[in-house]
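J.: Mind having a look at this structure? Questions to follow.
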C-alpha cells in the first residue's frame, strides 16, 4: 500500500512537472533530465508532443532516452545538437542562491554536460528539496573511475568527506559510463566554491554533483501552488 505522504509527494512532483512541460515552446531543442521528477516532466512533455508540439530532446541518461522514445519524443545526441535552447531537470537539494546537489539518480556526469550546453537551465523540485545549505540532507555524489578507487576514496576523505560507495544489492552501482559513485557526506559549513574544484582536481574523479551557479530558475511545487525562483544576475 502506498502511504498518503507518498501520494502527496507524487502529486507535488507531477504538478511542477506539468507546469514545466507547459513552458516548452514549439520548435526548440530541450535537454531532458533524469530522476523521478524529471521523468514525470518527460511524460507530460510527451503528451504535448502527441498533441502537436514540435521539439527535439537530448536525454541525460539511458532511462530518460527510453522513456522519451516510448512517448514519441524525437531524440538527438549532444553531438548533433551541441547548443540547447533549454534544459529541464530535477535536483536533490537547492540552496537560496540556486546552487544544487544532483546525482542521487546516478546520472550526474551526463546531467552536468547537458546542463553546461545551455544558458537556460530550469530545475523542477518539490518544496522538500529547498535547504539553507547544501549537504544538509543528502550527500554529494562523486563519480569516480573504478581502477584504483580506494585511493580516490582516501583522497576524498582527506578533503573532509565521509564517502560511502553506492551499491546495487551486493554489487557496486555502475553509472551509464561504467563508473562507481561515492556518496560523500561533508560538513555543510564547507566553502563550496573551494570544495568543488578541490574534488574535481583529484585523480580518479570524473565529476561531482555540485552544480554551482548553473540554474537560471527553479520551479518549486508546494501543496497549493508552484512558485518560480529566478537567479539574480551576476
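The values are calculated or read from the model by the stated rules, or taken from the named source; none is laboratory data. Worth saying up front: this structure is predicted, and the values here are computed from it rather than measured. Positions of Cβ are generated from backbone atoms using ideal geometry, with glycine treated the same way; all protein chains shown enter the neighbour counts.
J.: So, restricting to strands (runs of 3 or more DSSP E) that lie completely within the range 99-195, which ones have at least 2 residues that are in contact with a strand residue (DSSP E or B) (Cβ under 9 Å, 6 or more places away or on another chain), outside the structural domain of residue 216 (by TED's automatic domain parsing) and surrounded by fewer than 22 Cβ atoms within 10 Å (Cβ to Cβ)? Step through it out loud before you land on a result.
T.: Details: elements: 121-126, 140-144, 162-165, 180-185.
Qualifying strands (runs of 3 or more DSSP E): 162-165, 180-185.
J.: When you go through 89, 85 one by one, which is the residue that is surrounded by 14 or more Cβ atoms within 10 Å (Cβ to Cβ) and in contact with a helix residue (DSSP H, G or I) (Cβ under 6 Å, 6 or more places away or on another chain)?
T.: Working: 85 fails: in contact with a helix residue (DSSP H, G or I) (Cβ under 6 Å, 6 or more places away or on another chain).
One residue alone meets the criteria, 89.
J.: If you don't mind, there's one more thing I want to ask. Could you look through the range 24-72, keep only residues that are surrounded by fewer than 18 Cβ atoms within 10 Å (Cβ to Cβ) and touching a residue at least 60 places away in the same chain (Cβ under 8 Å), and pick out the one that is nearest to residue 102 (Cα to Cα)?
T.: This residue is 36.
J.: Next question. Would you pick out the residues in the range 47-80 that are under 19 Å from residue 21 (Cβ atoms) and assigned to a loop (DSSP other than H, G, I, E, B)? Show your work before the answer.
T.: Taking the range 47-80 first, the residues under 19 Å from residue 21 (Cβ atoms) are 47-61, 63-76.
Correct list: 51, 52, 53, 54, 60, 61, 71, 72, 73, 76.
J.: Can residue 227 be described as assigned to a strand (DSSP E or B) and free of Cβ contacts under 8 Å to residues at least 24 places away in the same chain? Step through it out loud before you land on a result.
T.: Details: assigned to a strand (DSSP E or B): yes; free of Cβ contacts under 8 Å to residues at least 24 places away in the same chain: yes.
Criteria met by residue 227.
J.: Quickly run through the range 196-217 and pick out the residues that are assigned to a strand (DSSP E or B) and in contact with a helix residue (DSSP H, G or I) (Cβ under 9 Å, 6 or more places away or on another chain). Let's see the steps before the verdict.
T.: Residues of the range 196-217 that are assigned to a strand (DSSP E or B), as a first pass: 205-208, 210-211, 217.
Within the range 196-217, 205, 206, 207, 208, 210, 211 qualify.
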